[in-house]
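The values are calculated or read from the model by the stated rules, or taken from the named source; none is laboratory data. Everything numeric in this text was worked out from a predicted model, so none of it was measured. Neighbour counts are summed over all protein chains in view; Cβ atoms, including those assigned to glycine, are modelled from backbone coordinates with ideal geometry.
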Amino acid sequence: GESVGLHLPTLSVQEGDNSIINCAYSNSASDYFIWYKQESGKGPQFIIDIRSNMDKRQGQRVTVLLNKTVKHLSLQIAATQPGDSAVYFCAEGGGADGLTFGKGTHLIIQP
Amino acid sequence: DVKVTQSSRYLVKRTGEKVFLECVQDMDHENMFWYRQDPGLGLRLIYFSYDVKMKEKGDIPEGYSVSREKKERFSLILESASTNQTSMYLCASIPGLAGSYEQYFGPGTRLTVT
């Protein structure tokens, strides 16, 4: 079946630097993409989403970029803080029968 | 704020036991989902429901069943628990409105089957 994956299982960044987490997807029919953050012992929490008719969307300290040509999604976190340490999942979908999730990238913040 | 709650944060059960995991959402959402989350495998969809008494199999339904008798409650049932069902179980819901796909997750239930 279709799959969504992340390029790196672990990403280590210095506090204050920008973080970029990447995701590849394979279902070209997907029209909705979402990033979740999951802290240890908690359920995933919504960060930001983007629809296929957009290529960029910004939130507070986060930006999602969508490149439909190469089926690539990225999450940028500006001025990374210790509280950003978590596992980040991308997911794609287009209907009410659920999302397909990537395996996750563990973001580690170095002091 | 949307709230999705799960009946237990941690459960320890024995092989062969019948296990019920309960999920409740308080925002009148139409669609509800059960996932399991395992290291290196990410979130995998077990079952979902788009209406009361309706259910659909996800990617890994074997060994599980579900019940949706009321709109706000979606139960996951392990008829005879096995050690390979040791996992983190996550419930999620969405409004069901066209174009609204953000899933709201519960805190998860970590199930250990011994």
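General observations
- Exactly one residue out of A:ILE77, A:ILE108 is surrounded by fewer than 17 Cβ atoms within 10 Å (Cβ to Cβ) and either over 12 Å from A:CYS23 (Cβ atoms) or touching a His at 6+ places or on another chain (Cβ under 9 Å) (or both), and it is A:ILE108.
- Complete set of residues in segment B:80-105 that are surrounded by fewer than 23 Cβ atoms within 10 Å (Cβ to Cβ) and either at pLDDT 95 or above or in contact with a His (Cβ under 8 Å, 6 or more places away or on another chain) (or both): B:SER80, B:ALA81, B:SER82, B:THR83, B:ASN84, B:GLN85, B:THR86, B:SER87, B:MET88, B:PRO95, B:GLY96, B:TYR104
- Cβ-Cβ distances below 9 Å connect the following pairs, each with a first residue in segment A:47-60 that is among the acidic types (Asp, Glu), a second residue that is part of a loop (DSSP other than H, G, I, E, B), and a separation of six or more residues or different chains: A:ASP49/B:TYR101; A:ASP49/B:GLU102; A:ASP55/A:LYS68.
- Yes/no for A:ILE109 being more than 14 Å from every other protein chain (Cβ to nearest Cβ) and among the β-branched types (Val, Ile, Thr): yes
- Residue count for segment B:45-66 satisfying the condition of being under 17 Å from B:TYR101 (Cα atoms) and within 12 Å of the chain's Cα centre (by Cα): 5.
- B:THR114 of a type outside the set (Phe, Trp, Tyr), touching a residue at least 40 places away in the same chain (Cβ under 8 Å) and farther than 28 Å from A:TRP35 by Cα: yes
- Among the residues of segment A:1-20, those that are surrounded by 15 or more Cβ atoms within 10 Å (Cβ to Cβ) and either on the phi > 0 side of the Ramachandran plot or modelled with pLDDT of 95 or more (or both) comprise A:VAL13, A:SER19.
- The strands (runs of 3 or more DSSP E) found wholly in chain B and carrying at least 1 residues that are within 8 Å of chain A (Cβ to nearest Cβ) occupy B:4-6, B:31-38, B:42-49, B:87-94.
- Checked against the criterion of being touching a residue at least 40 places away in the same chain (Cβ under 8 Å) and closer than 24 Å to B:TYR10 by Cβ, the candidates B:SER87, B:SER67 yield just one match: B:SER87.
- Just one of the numbered conditions (1) under 24 Å from B:ASP59 (Cα atoms); (2) out of contact with any Asp or Glu (no Cβ under 9 Å at 6 or more places or on another chain) is not true of A:PHE33: (2).
- Restricting attention to segment A:80-102, the residues that are surrounded by fewer than 20 Cβ atoms within 10 Å (Cβ to Cβ) and modelled with pLDDT under 90 add up to 4.
- Segment A:26-51 - residue that is farther than 22 Å from B:TYR104 by Cβ and hydroxyl-bearing (Ser, Thr, Tyr) and, of those, surrounded by the most Cβ atoms within 10 Å (Cβ to Cβ): A:SER26
- Taken together, B:VAL19, B:VAL66, B:VAL12 contain a single residue that is loosely packed, with under 13 Cβ neighbours inside 10 Å and either hydrophobic (A, V, I, L, M, F, W, C) or over 19 Å from B:THR83 (Cα atoms) (or both), which is B:VAL12.
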